[in-house]
Amino acid sequence: MRSSFRTIVVSTLTLILSSTLASAAEVRVLSVGSTQIAAKAIEKTFDAVILSVPAMDSHDEAGDLAPMSRVALARVGVAVVVKEGGFVPDISTPEKLKATMLAARSLIYTDPATPNTSGAITGAALAKLGILDEIKGKTRHAALTVGGELVAKGEVELGFFNLSEIPKGVTVAGALPGPLQGYTVYEAAVLSKGSTDQAATAFVKYLASAPAAAH
């Protein structure tokens, strides 16, 4: 795969995809978390991929995807989190979120320079609120694992993470208020150089099915 990716999560999945398949089939899936847009190019061949839309567009244009195999999966917005058991602020409106952030001693989110991530969405929200310069001195940027741990320990007061990836030890104060919210959209597709077995196609289709959507 040609890719600008920085991090990969590789899963070898043994799945019974449907009652029409006589036996389980192995499908190698390359996926990224919603705070990541990328992974280093690798030697091994994968059968399917799960990515955010901008990255998927790039691979489609490069011919990395099987024709007509892309399916929409979900979109995820950004939430504000605090230490579990601590004070939970009211961030239900842009004005209340602004007041909360100005009063907070510290806050953390992922690198806003990385497109289509919670950090980019958070950065855009702060720009709309007009407080980027005011809070710059108490703002930190870190990946989800590090940022979540700092909030859980109480070392940072507010964290901004995707709702699908809320770390342990924190409480969700709420999602970014409507006018400030943004979304990362995810899709799945079969890779053109992957397996030609019907299991890969069946797996991708299942991810977009109603039973899978419930999860």
* Semi-axes of the equivalent ellipsoid of region 84-124: what are they in whole Å, largest first, if each equals the square root of 5 times a C-alpha gyration tensor eigenvalue? -> 21, 13, 9
* Sites matching chymotrypsin sites (Phe, Trp or Tyr not before Pro) across region 42-143 that sit in DSSP coil, with at most 11 neighbouring C-beta atoms within 10 Å -> F87
* Structure fact -> Rounded to the nearest 10 Å², the 1.4 Å probe accessible area of K205 is 130
* Check the straight Cα-Cα distances from K128 and name the lysines below 22 Å, setting aside those fewer than 8 residues away within the same chain. => K96, K98, K136, K138
* **Prolate/oblate/rounded label for region 88-159 (Cα gyration tensor, a/c 1.5)** => oblate
* Structure fact -> Those trypsin sites (Lys or Arg not before Pro) from region 94-137 that are DSSP loop and have at most 16 other Cβ neighbours within 10 Å turn out to be R105
* Given the C-alpha centroids of region 182-215 and region 49-73, what is the distance between them in whole angstrom? -> 10
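The values are calculated or read from the model by the stated rules, or taken from the named source; none is laboratory data. On a predicted model such as this, the values are computed, not experimentally measured, just so you know. Please note: Cβ atoms are built from the backbone with ideal geometry, for glycine as well, and neighbour counts cover all protein chains shown. Only protein heavy atoms, including side chains, enter the accessible area calculation; ligands, DNA and RNA are left aside. Shrake-Rupley method; radii C 1.70, N 1.55, O 1.52, S 1.80 Å.
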